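One structure is given below, encoded as C-alpha cells.
Bear in mind these aren't lab numbers, they're just calculated from the coordinates by the rules spelled out. No experiment lies behind these values; they were computed from the predicted model shown. Don't worry about glycine lacking a Cβ; one is built from the backbone with ideal geometry, like all the others, and counts go over all protein chains shown.
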Amino acid sequence: MKKITKLSLIALVASLGAGCASTSDIDDLQSQVNGLDSSVKQASADAAGAQTTAADAAAKAGAAEASANRAAQLSQDANRKLDKRFRRSMMK
C-alpha cells in the first residue's frame with residue numbers, strides 16, 4: 001500500500017511539473033494577446049471610419065433625392081404649361 005501511495009505521489013509531482021507552463025510559453029501567449037489587442041484596435045478604428053463614410057453617403061443621397069424631387073416637380077410644371085399653350089393654340 002505504501003508503495004502505491006509513493007508511486008502515486010511521484011506520478012502526481014511529475015504530472016504537475018510537466019503540466020506547468022514555462023516562461024517562454026507565457027511570453028508567447030502574451031505576444032499573441034498583444035497582437036490581438038492591436039488587431040482589435042485597428043478593426044475598431046476601421047469600423048468608426050466606415051460609419052463616418054456611411055453617414056456622409058446617406059447625407060449625400062438625401063440631398064440628391066431632394067434635388068431629383070425638385071427637378072421632377074419643375075418638369076411636371078413645365079409639362080402643364082406646355083399642355084395649356086398647346087390647347088390654346090388648338091382652339092384658335
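Here are the numbers:
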{"quantity": "Two-site label geometry, S89 and D27: point separation in nm, points 7 Å out along Cα→Cβ", "calculated": "9.2"}
{"quantity": "Gain upon complete extension [R80, K41; 0.36 nm per residue less C-alpha separation]", "calculated": "8.2 nm"}
{"quantity": "Label point distance in nm, Q73-K3, each placed 7 Å from Cα along Cα→Cβ", "calculated": "10.3"}
